[in-house]
Number of protein chains: 2
Amino acid sequence: LAGDQTEANPVIGGFGSSELPYGVFSSAGRPGPRVGVAVGDQVLDLAAIFDDPVFVQPSLNAFMAQGRAAWTSTRARVRDAVRTGYSAGRTEHLLPQADVVMHLPFEVADFVDFYSSLQHATNASRILRPGQELIRPNWRQQPVGYHGRAGTVVVSGAPVRRPHGQIVQGAGPVLAPTKKLDVEAEIGFVVGVPSRLGNQVPIGHFTDHVFGAVLLLDWSARDIQSFEAVPLGPFLGKSFATTISPWVLPLEALTTARVPAPPQDPLPLDYLRSDESWALDVRLELAVNGCVVSRPRFDSMYWTPAQQLAHLTVNGAALRTGDLFGSGTVSDETEFGSLLELSWDGEQPLRLDDGSLRGYLDDGDLVTLTATAAASGTAAGTDGDRLSFGVASAVVSGASLAH
Amino acid sequence: LAGDQTEANPVIGGFGSSELPYGVFSSAGRPGPRVGVAVGDQVLDLAAIFDDPVFVQPSLNAFMAQGRAAWTSTRARVRDAVRTGYSAGRTEHLLPQADVVMHLPFEVADFVDFYSSLQHATNASRILRPGQELIRPNWRQQPVGYHGRAGTVVVSGAPVRRPHGQIVQGAGPVLAPTKKLDVEAEIGFVVGVPSRLGNQVPIGHFTDHVFGAVLLLDWSARDIQSFEAVPLGPFLGKSFATTISPWVLPLEALTTARVPAPPQDPLPLDYLRSDESWALDVRLELAVNGCVVSRPRFDSMYWTPAQQLAHLTVNGAALRTGDLFGSGTVSDETEFGSLLELSWDGEQPLRLDDGSLRGYLDDGDLVTLTATAAASGTAAGTDGDRLSFGVASAVVSGASLAH
């Protein structure tokens, strides 16, 4: 991955001029969904400034499939266009973000959700499986994960309907709306370049395949999940919705956020080891109705994104363009990334800014996830300018039985 | 679902003239992958006989998305074309199956695998989780399932490579080829008509959404699976490959195979109940190197396909064209659909026709799954002509570490 020459990063509307994230938008007067880059509070219409059909698409998939060299050269051309456009005042292809509609940025192929925070795994064991081993032997040997539902990944802004499911009440289950609607704050990574069935993707090849990162809200109905999940894992307790941010931050933008990965004990097997093991200095902020409830640090994760991808493919499973994998809930030692942990399964409700209490989410609640990454000069933990991931948010809508 | 007027069904090359299953094929001299219908040992080129772009496609997805009315009228037109073509000797668009290459018949959206045989669930508990509750309370209340990897569903004939994974040896895991490569015999169902996110698909709407059925081989590495699967379920022990048959049997062809569903105790919740609960009289045959190892009956399954679909969507999860769901291993009281059960985890190896023993699969083994369904006049269990599902088969290839 080529180093990214980071420039001053004035934050306008969530983004500065260093992130240059990709998304898919529609705008009155411009035909069809098309690919854009966020610059400040504007969207640069790539289909208009580059004569390339890869940007006249309803998803980033075609562009993501082109691979690292194309991603690097496109980013350089975008940066030039932004500089030139600004200096010459030529802004006819810069549209206000407020005037466009953002779409799901890519067609999701397979969705895998990992479980890679030691603090989260410990908390979840304590709450959901009391009396059992807190951290099982497999957890420290491999990034444990499972496949989720790709077809219900939605873009930020889409309401999330409270799901019905089988919930145990008294002697047996009833079909009812979940009473324990939760959300997990995660970072997601999207694959651009596929791999062949039967082949492994070595840990050092991460940046050859992964295009970029998004914010990810992993909605979870804890009562549905707890009844269904043994022995085959989470199913309907998760499959009703997963929200991602509309803007995909390219990996190149995150070069400045690389920090050493935390130590691992025991040492993992060779295929999970690398000479240059890195985590990302990303700080998340989870809010309910504008009240920040947690600020977990992504660099606390036990397993790194490159380890996750190496594990995912060690059995020869093929990657496809659009494969999305989530980090798992980001919880560090003091800041937890889910209401399950924050309210300890509702036993210790949170008090929001308006004085109301939350064990789990109420109908009408607005959940907002934002994050920043270290920019040049801020990796050491200073409070300088940081890169933005934008936002992933959704309002909880009431349960209904509709056909 | 309109009743299907079944005619005499001479079996030629696996199919008669009643199944009329759909697939996607390539043939020298005809451009591109295209949609065909199997008639006896021939393929009828639909793109050639109908002037309709929906058949000039590399998958059935566009056709499957058209819905029940289009499926019914197309099947009637195909039947007419077959009759007319035969009587007039006009066979220029009937190609020998031996001369074409079959492709994956549809683009798989999400893949869900259920676990709906009571006998299999009981056997698996005894073998994999000794000492624990055989059938947990959730199992009899809902069709337990999980999401699998859509991107590694392959068509019959593609070799299946023995996967590497973390396998416990002595004190800890090593990365090694699985020593317990298994396969599960299943029936899969594919969705044609999508549903809206947030809506349920009632049990009675099954035939509005589901296009047809395939044979499904659910490959499983038992040693990888047993180390990884708590608490999030199967992951790399399954995600390396799933094989489906190239020909999709439309639901209409299976009308004659409907039989009453087995009784359920306790009675399931309302959303899983129907006035006309039906199972399918389908008999599977699983063979290794030509030696039949099991003949389980699909009508023994505890949960029906319509119950599975109603459950899958009760939380509002959307369906997409191409969604595939597997029944779970088909094991009846005397015939088991996996080597795990047949060899009791290798403790009681099977003796094949050539005298060799199998606990699990060896490199080079050919696994073959076939099935027949009751045709008109055979539903009562007579041994008359039955409809064919064709075949799903694969050879096990040796492990390798390739990038």
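The values are calculated or read from the model by the stated rules, or taken from the named source; none is laboratory data. All values derive from a computational prediction rather than experimental measurement. Counting neighbours? That spans all protein chains shown, and the Cβs are built from the backbone with ideal geometry, glycine included. When the accessible area is computed, the model is the full protein with side chains, heavy atoms only, and any ligands, DNA or RNA have been set aside. Shrake-Rupley method; radii C 1.70, N 1.55, O 1.52, S 1.80 Å.
The table that follows gives values for the structure above.
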read-out: Signed unit charges on C-beta, dipole axis of chain B, positive-most listed residue B:Val293, B:Leu324, B:Gly188; value: B:Leu324
read-out: Pairwise centroid distance, computed over Cα atoms, of the stretch B:341-373 with the stretch A:202-281, Å; value: 38 Å
read-out: Overall form of the stretch A:134-187 per C-alpha gyration tensor (a/c, 1.5; a/b vs b/c); value: oblate
read-out: Ratio of the Cα radius of gyration of the stretch A:41-83 to 2.2 N^0.38 Å, where N counts its residues; value: 1.14
read-out: Shielding score for B:219-227, defined as the mean number of other chain Cβ atoms within 10 Å; value: 1
read-out: Shielding of A:311-324 by partner chains, average beta-carbon count, 10 Å; value: 6
read-out: Inter-chain Cβ neighbour average for residues A:149-157, partner chain, 10 Å; value: 5
read-out: Cβ charges +1 (Lys, Arg) and -1 (Asp, Glu), total dipole of the protein assembly as shown, debye; value: 280 debye
read-out: Too-long pairs where the Cα-Cα distance tops 24 Å, listed order kept, from A:Lys179/B:Lys238; A:Lys238/B:Lys179; A:Lys180/B:Lys238; A:Lys179/A:Lys238; value: A:Lys179/B:Lys238; A:Lys238/B:Lys179; A:Lys180/B:Lys238
read-out: Residue of B:Val230, B:Val43, B:Val168 that the Gaussian network model of chain B assigns the largest fluctuation, springs spanning Cα pairs under 10 Å; value: B:Val230
read-out: The stretch B:265-391 - charge dipole about Cα centre, Lys and Arg +1 at Cβ, Asp and Glu -1, debye rounded to 20; value: 300 debye
read-out: Surface share of carbon and sulfur [accessible, 1.4 angstrom probe, percent] for the stretch A:163-205; value: 59 percent
read-out: For the stretch A:199-252: rounded, prolate or oblate by the Cα gyration tensor [a/c cutoff 1.5]; value: oblate
read-out: Shape of the stretch A:302-403, Cα gyration tensor, a/c cut at 1.5; value: oblate
read-out: Leading residue at positive end of dipole, the protein assembly as shown (Cβ point charges), from A:Thr334, A:Ser376, A:Val54; value: A:Val54
read-out: Accessible area expressed per residue, the stretch B:298-338, with surrounding protein chains retained (probe 1.4 Å, Å²); value: 17 Å²
read-out: Globularity index of chain B, i.e. its alpha-carbon radius of gyration over 2.2 N^0.38 Å; value: 0.97
read-out: FRET E, pair B:Ser400, B:Asp275, Förster distance 51 Å, beta-carbon r, rounded to 0.05; value: 0.45
read-out: Percent of alpha-carbon pairs separated by more than 18 Å within the stretch A:59-210; value: 77 percent
read-out: Axis proximity, chain B to A: residue whose C-beta lies nearest, plus whole-Å distance; value: B:Gly233, 1
read-out: Proportion of all alpha-carbon pairs of the protein assembly as shown beyond 50 Å (%); value: 16 percent
read-out: GNM result for chain B, Cα springs below 10 Å: residue of B:Leu216, B:Leu232, B:Leu128 fluctuating most strongly; value: B:Leu232
read-out: Area buried, chain A against chain B - accessible surface, total, 1.4 angstrom probe, square angstrom; value: 5800 Å²
read-out: P(r) weight above 24 Å for the stretch A:162-259, C-alpha pairs, percent; value: 45 percent
read-out: Computed lengthening from A:Ser356 to A:Asp41, 0.36 nm per intervening residue step minus Cα-Cα distance; value: 110.1 nm
